[in-house]
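To start, the structure under review is shown below, and the notes come after it.
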Amino acid sequence: MRHLLSTGDLSRDEATLILDTAAELAQVGDRSVKKLPTLRGRTVVNLFYEDSTRTRTSFELAAKRLSADVINFSAKGSSVSKGESLKDTALTLQAMGADAVVIRHSASGAAHRLAHWVDGSVLNAGDGTHEHPTQALLDAYTMRDRLGRLDGLRVAVVGDILHSRVARSNVLLLTTLGAHVTLVAPPTLLPVSVHTWPCEVSYDLDEVLPKSDVVMMLRVQAERMRDSFFPSVREYSRNYGLDGERLGRMPSDAIVMHPGPMVRGMEISAEVADSPRCTVTEQVANGVSLRMAVLYLLLGGS
Amino acid sequence: MRARKPTRGETGTGVPAPSPEVPETPDVPEGTRAVLDGNEINRALTRIAHEVLERTKGGEHVTLLGIPSRGVPLAERLARRIERVEDLSVPHGSLDITMYRDDLHLAPARALGRTAIPAGGLDDRVVVLVDDVLFSGRTVRAALDALGDLGRPRAVQLAVLVDRGHRELPIRADYVGKNLPTSLRESVTVLLSETDGQDAVLLGPSKPRSGAVATTADTKEGDA
Amino acid sequence: MPENTGPYLIRGARPLGGDPVDLLFVDGRIAAIGPDLEAPEGALVMDATGLVALPGLVDLHTHLREPGREDAETVASGSRSAAMGGYTSVHAMANTDPVADTAGVVEQVWRLGREAGYCDVRPVGAVTVGLAGQQLSEIGAMADSAAQVRVFSDDGICVSDALLMRRALEYVKAFDGVIAQHAQEPRLTEGAQMNEGCVSDRLGLPGWPAVAEEAIIARDCLLAQHVGSRLHVCHVSTKGSVDIIRWAKARGCDVTAEVTPHHLLLTDELVEGYDPIYKVNPPLRTAEDVQALREGLADGTIDIVATDHAPHPAEAKETEWSNAAMGMVGLETALAVVQRTMVDTGLLTWAEVADRMSTAPARIGRVSGHGRELAAGEPANVVLYDPAAPVGVDGAAMASKSDNTPFRGMTLPGRVRATFLRGAPTVLEGKIN
């Protein structure tokens, strides 16, 4: 595979290889020299059209730990803000010899388009409301690391599924890896064709919680309220927020995940966010190893 | 992103599936011949264990690091022998060198082997690298680079089961099970019961690998 | 401007796909039609063995982009493209810059069409000033102008205000005009990028529900019947829309409807690769919709095929999906797509194709001199089409200034060999004359 555009493109073997490789590379963070020479002389461009310091930093750290040269090309302060098209930007990066482009863009499919215009590898770091493959991979990695398996794992994904690239990537990847996904949201925040997705759907969080090994809370933006997706923050939080009481109804070894940034008091209470069963900071740490694995597997070979 | 997994097929020998028990005489595929059998491998390892103890003055500071895949069981066997001779517990582990290889761009990305550094680390230890075959020397070069990122050993030594010659770098082994003069048209394959179901060192014709550039550096089985 | 209007004798063509006969064009009219005609002195003789003769096609929905976007298309280039597709008359949509909402602009477009001379360009007038949906434009002045506008449309934008739509429907009755509605409920399609369904959900593109089209069509049919006006529905794209129009016709509503060639062939699965060449308004729908549209066109629920030819410069398509322009060129592939989807499938005869692509659109647009029978005395507006000449579609080879064809790389079953506008060949041997 030359690009990582969608988790739907990964076979079970390929996805497992990425997780296994990440597990080996996780050790690098504990060493005195946190660097491998593997991608010396390779150039990785972080092309970020949306502000996302955490994702960009994670990719940057991953590339640097593999000794790649990293160029951060953000929409602000570059020719992008002067109206240069994505195609022209792609051709510019191509001319500069980028071996890989990590792209974050507000338009669904931007990574697919970019892959048409550059010879190097394209890594989708989030395209609109489509996918965010490395987030799903690091989520799967974190689940496997914490719970020891993915096959048969019961994962509830809760929140704004309709607008979530994290949810789309996770449904595809977790299904491929043998987990059972249940999407939980008010009907307004679910896609109309969700019944055709390879997962269960519920409008009732309390019914799903006791049957879940993992509960993944998604960020819900308050502006959705203005578009009438739900009546009020309070009502959303009451029905779909995860608080200490609901945490108590989950199986004792079940974990709580969140792709960040969290909106405390909306989808997750501070008590849950700070609980040892919440894996948010682990997810961030695992993100670096996981992205190292992806960069290595895409760029490390011939 | 399809990575190669090191499998037996990759040794280029086409050995049929081994029986679970270790046979007395090696199961030799057509066109190859056994240059060491199980007993000879055992004797070579025992001798190397004695030499390590001698050279390191009792082996007190020794850490054995096997290079995946077949260096790892060899390091374990050496550790057991040293323990038996000297009643001394020898820290041993594994050191994967994939990320340090100089030929990564010649083949699809490879799956990684395990790196397991024994508790206590490598600082001030006498690290003995263990591998099955010493060939071009490029694997050892990569291992030395990897070691440098993991700590600062007092000294680094190299033990190999077979030295088949044809060095491409100024590297030599401190402990050699068997010196085996070979031609570049031959391949050397080490089979170990832990990974392959039997112990043997086989010599056969080299097979060009699909997708691989014709370079000796690409053949892991003869690359220590 | 095509020249050479001397007598033409067409030998062996099949009118409406029937038995081969000869056609003689003299002084812009069909002088004779029958077997073994004698060539008058000085006549040019053309062998048309195997070619289907149809009345020159009439497009009720064409974007010629001039004035304003001459980089995408001009009246001249668009009418050459039309001639290449077998059209002898096209309706130029009003969403130009400036908008065709005054007699001045429609007369300019009409005059440019006359000067180009490749087909009769009939301007469409805007329903509301600046397509803003606030205030009726001077519809009467456009109707009375030299352009004789009869079709009014805010195409690209829906006349969503029910009261304004009622007034427009009523107002055009005074001169037998028709409102061509772009049926798209605006609130239900805010930010919409493609058909709402499995594919949009998978691709994370905001969906464009079928109901947004169907609700407006239902409302407009009821309004049109209430005030006794003619209503034309642009580019019908859903199964539900076909059902509603069928129901409205059954209860006596004076409604006509069009379908585009691309909606007869393509589905939203094509969006999978995010190539904006497939981005269009209304969006490509599902295979079920395509089947319903074909059936609707076959049984007469949908009256006509209209191209919605929408040229765009390359940069409007070579971009990320949500940033790309909507629309596809279609004039030069329309007849071949209709052959593939309707004739080769047994849904329409060539005579019915002539009705759906010439007679009926001319009637709806009140276009005189087009869509007539192939009979002696009629204007010699004729297309000669080879239904057995498969051709690979290549946008760059088209007469249109733009090459945004969704059929690129596909092989279509036939091609236009010649087009005659009042006896003068605008296209000969498949090339602009």
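The values are calculated or read from the model by the stated rules, or taken from the named source; none is laboratory data. Fair warning: this is a prediction, and the values are worked out from it, not measured in the lab. Here the Cβ is made from the backbone with ideal geometry for all residues, glycine too, and neighbour counts use every protein chain on show.
Just a few scattered comments:
- Qualifying positions in the range C:132-147 - part of a loop (DSSP other than H, G, I, E, B) and out of contact with any strand residue (DSSP E or B) (no Cβ under 8 Å at 6 or more places or on another chain): C:A132, C:G133, C:E138, C:S145, C:A146
- Restricted to the range B:111-213, the set of strands (runs of 3 or more DSSP E) holding at least 1 residues that are without any contact (Cβ under 8 Å) to a residue 60 or more places away in the chain comprises B:155-163, B:175-179, B:186-191.
- Subset tally (residues that are surrounded by 24 or more Cβ atoms within 10 Å (Cβ to Cβ) and either part of a helix (DSSP H, G or I) or within 14 Å of chain A (Cβ to nearest Cβ) (or both)) for the range C:223-234: 1
- Filter result for C:P276 (in contact (Cβ under 8 Å) with a residue 12 or more places away in the chain, farther than 22 Å from C:P361 by Cα and touching a helix residue (DSSP H, G or I) at 6+ places or on another chain (Cβ under 9 Å)): yes
- Listed conditions (1) over 17 Å from A:E14 (Cβ atoms); (2) touching a Pro at 6+ places or on another chain (Cβ under 9 Å); (3) more than 14 Å from chain C (Cβ to nearest Cβ) are all met by A:D139, apart from (1).
- When the test is whether a residue is assigned to a helix (DSSP H, G or I), of a type in the set (A, V, I, L, M, F, W, C) and under 30 Å from C:G414 (Cα atoms), C:A82 passes it.
- Odd one out for B:L65, checked against (1) part of a helix (DSSP H, G or I); (2) under 26 Å from B:R125 (Cα atoms); (3) of a type outside the set (D, E, K, R): (1)
- Test: residue in the range C:319-335 that is part of a helix (DSSP H, G or I) and farther than 22 Å from C:A192 by Cα: yes
- Of all residues in the range C:385-413, those satisfying the criterion of being small (G, A, S) and not in a helix (DSSP H, G or I) are C:A388, C:A389, C:G392, C:A399, C:S400, C:S402, C:G409.
- Single residue of the range A:187-222 satisfying the filter (touching a strand residue (DSSP E or B) at 6+ places or on another chain (Cβ under 8 Å), in a loop (DSSP other than H, G, I, E, B) and among the charged types (D, E, K, R)) that is farthest from A:V272 (Cα to Cα): A:D204
- Among (1) modelled with pLDDT under 95; (2) within 27 Å of A:A26 (Cβ to Cβ), the one test that A:E235 misses: (2)
- Selection count, the range A:116-127, where residues are at the interface with chain C (Cβ under 10 Å from one of its Cβ atoms) and crowded, with 24+ Cβ neighbours inside 10 Å: 1
- Qualifying residue in the range A:109-119 (condition: in contact with a strand residue (DSSP E or B) (Cβ under 9 Å, 6 or more places away or on another chain) and in a loop (DSSP other than H, G, I, E, B)): yes
- Candidates C:L60, C:L24, C:L64, C:L9: the one that is touching a strand residue (DSSP E or B) at 6+ places or on another chain (Cβ under 9 Å), within 25 Å of C:A257 (Cβ to Cβ) and assigned to a strand (DSSP E or B) is C:L60.
- Boolean, C:V178 is away from chain A (no Cβ under 12 Å), in contact (Cβ under 8 Å) with a residue 60 or more places away in the chain and aliphatic (A, V, I, L, M): yes
- Among the candidates A:D145, A:D151, the residue that is in contact (Cβ under 8 Å) with a residue 12 or more places away in the chain, surrounded by fewer than 24 Cβ atoms within 10 Å (Cβ to Cβ) and within 22 Å of A:T55 (Cβ to Cβ) is uniquely A:D145.
- Selection of the range B:114-156 for residues being among the small types (G, A, S), over 15 Å from the mean Cα position of the chain (by Cα) and away from chain A (no Cβ under 12 Å) yields B:A119, B:G120, B:A155.
- Residues (part of a helix (DSSP H, G or I) and hydroxyl-bearing (S, T, Y)) located in the range A:148-186: A:S169, A:T175, A:T176
- Residue check for A:S193: of a type in the set (S, T, Y), touching a residue at least 24 places away in the same chain (Cβ under 8 Å), within 22 Å of C:L203 (Cβ to Cβ) and within 14 Å of chain C (Cβ to nearest Cβ): no
- Residue that is farthest from the other protein chains (Cβ to nearest Cβ), among those in the range C:192-222 that are closer than 20 Å to C:L131 by Cβ and touching a residue at least 60 places away in the same chain (Cβ under 8 Å): C:E213
- Restricting attention to the range C:312-330 and to residues that are over 25 Å from C:M84 (Cβ atoms) and touching a helix residue (DSSP H, G or I) at 6+ places or on another chain (Cβ under 7 Å), the residue that is farthest from the other protein chains (Cβ to nearest Cβ) turns out to be C:A324.
- Applying the condition of being out of contact with any Ser or Thr (no Cβ under 8 Å at 6 or more places or on another chain) and either β-branched (V, I, T) or in a loop (DSSP other than H, G, I, E, B) (or both) to the range B:28-54 and asking which residue is nearest to B:R77 (Cα to Cα) yields B:T46.
- Counted residues, the range C:21-32 - those being within 15 Å of C:V383 (Cα to Cα) and not aromatic (F, W, Y): 7
- Failed item, numbered, when C:N323 is tested on (1) within 30 Å of A:A107 (Cα to Cα); (2) surrounded by 19 or more Cβ atoms within 10 Å (Cβ to Cβ): (2)
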